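Chemist: Just passing along the structure, written as structure tokens.
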């Protein structure tokens, strides 16, 4: 008898196995076809999304172009010049209409810097601190084999010692001042200005978490620093340096807006491409000296913006500066004065 026999159960097992295998193969084929279709669709989307923005300028507003280029240190004039050269007639017709309708979004000249009248789309913070404006330079210089010494966080008694050394070698530096309310601080800041050095602003509070919590908080700190420094020196600063640099761990979510607003107000901001690392708690004379000289030697740029500090705890910096100057002059470098006519060195994210 076949049913119930060993042979029957053997055939039944074979049949079940074949059916299971057939089902698995069928599902695999089905999912393979579906995957192929989805992958094709995704590839097409990726291809469409990867089209160079320069090929479709009509989909990008000037605000978007301006924001990205301002983040790399370009002025509004630079942005417009770049776009006009790369977009030709398409840009010219678009820009003519756009700029005529929104003239105050772009710091094209000193006449419209600081004005937002009639611009209903401007952020409210652009209306804050109407005196917080500078005169942007018409063009930048870019001198070869030039070193620009910059000092952050002053004033202090160390500032006066550094002034003496710079005067000895007839070098003009840039001092990014944090300010100070004491009469002594004001005297030192005035001494820096009277000696002919460039006065820049930094941060009066250095409270990173607060000043980088919003554009409004940043502008408040910037304005407090600006007013303190300008009142003490009699100089209206034209340059500034962000506390911690223009792109740091605290402002990474809002740095494009900060840079765009600083630039819109006419200020030129400077980061650095060589650092003495003298703010480190482990700094020594040797480390500061080597950091500067090696940094300049290994710098792919033909010019160096050197970050040092002149705050009260930086006696080591004072002791090292003269030796750095002597060594660099022996290597054929010249020292330039950093002001808003010097092409900025700025940070940027790198892929």
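Chemist: Scan segment 269-279 and give yes if some residue there is touching a strand residue (DSSP E or B) at 6+ places or on another chain (Cβ under 9 Å), surrounded by 14 or more Cβ atoms within 10 Å (Cβ to Cβ) and at positive phi, otherwise no.
Modeler: yes
Chemist: Answer yes if at least one residue in segment 130-138 is at pLDDT 50 or above and more than 26 Å from residue 201 (Cβ to Cβ), and no otherwise.
Modeler: no
Chemist: Where in segment 251-351 are there helices (runs of 4 or more DSSP H), lying wholly inside it, with at least 2 residues that are over 27 Å from residue 217 (Cβ atoms) and touching a helix residue (DSSP H, G or I) at 6+ places or on another chain (Cβ under 6 Å)?
Modeler: So the answer is 285-298, 315-330.
Chemist: Between 223, 210, which is over 20 Å from residue 131 (Cβ atoms), assigned to a helix (DSSP H, G or I) and over 16 Å from the mean Cα position of the chain (by Cα)?
Modeler: Answer to the check: 210.
Chemist: Can you say whether residue 166 is more than 23 Å from the chain's Cα centre (by Cα) and either over 26 Å from residue 251 (Cβ atoms) or assigned by TED's automatic domain parsing to the domain that holds residue 330 (or both), as far as the supplied structure shows?
Modeler: For residue 166, the condition - more than 23 Å from the chain's Cα centre (by Cα) and either over 26 Å from residue 251 (Cβ atoms) or assigned by TED's automatic domain parsing to the domain that holds residue 330 (or both) - is met.
Chemist: I'd like the full set of residues that are crowded, with 20+ Cβ neighbours inside 10 Å and either without any contact (Cβ under 8 Å) to a residue 24 or more places away in the chain or farther than 18 Å from residue 243 by Cβ (or both), limited to segment 172-184.
Modeler: 173
Chemist: Determine which member of the set 282, 206, 197 is touching a strand residue (DSSP E or B) at 6+ places or on another chain (Cβ under 9 Å) and within 23 Å of residue 312 (Cα to Cα).
Modeler: 197
Chemist: Let me ask something else about it. Taking residue 295, is it modelled with pLDDT of 95 or more, on the phi > 0 side of the Ramachandran plot, assigned by TED's automatic domain parsing to the domain that holds residue 214 and surrounded by fewer than 22 Cβ atoms within 10 Å (Cβ to Cβ)?
Modeler: No; evaluated as a whole, the condition is false for this residue.
Chemist: Within the group 200, 196, which residue is assigned to a loop (DSSP other than H, G, I, E, B) and in the same structural domain as residue 276 (by TED's automatic domain parsing)?
Modeler: 196
The values are calculated or read from the model by the stated rules, or taken from the named source; none is laboratory data. Computed from a predicted model, the values in this text were never measured in an experiment. Note: ideal-geometry Cβ built from the backbone for every residue, glycine included; neighbour counts use all protein chains shown.
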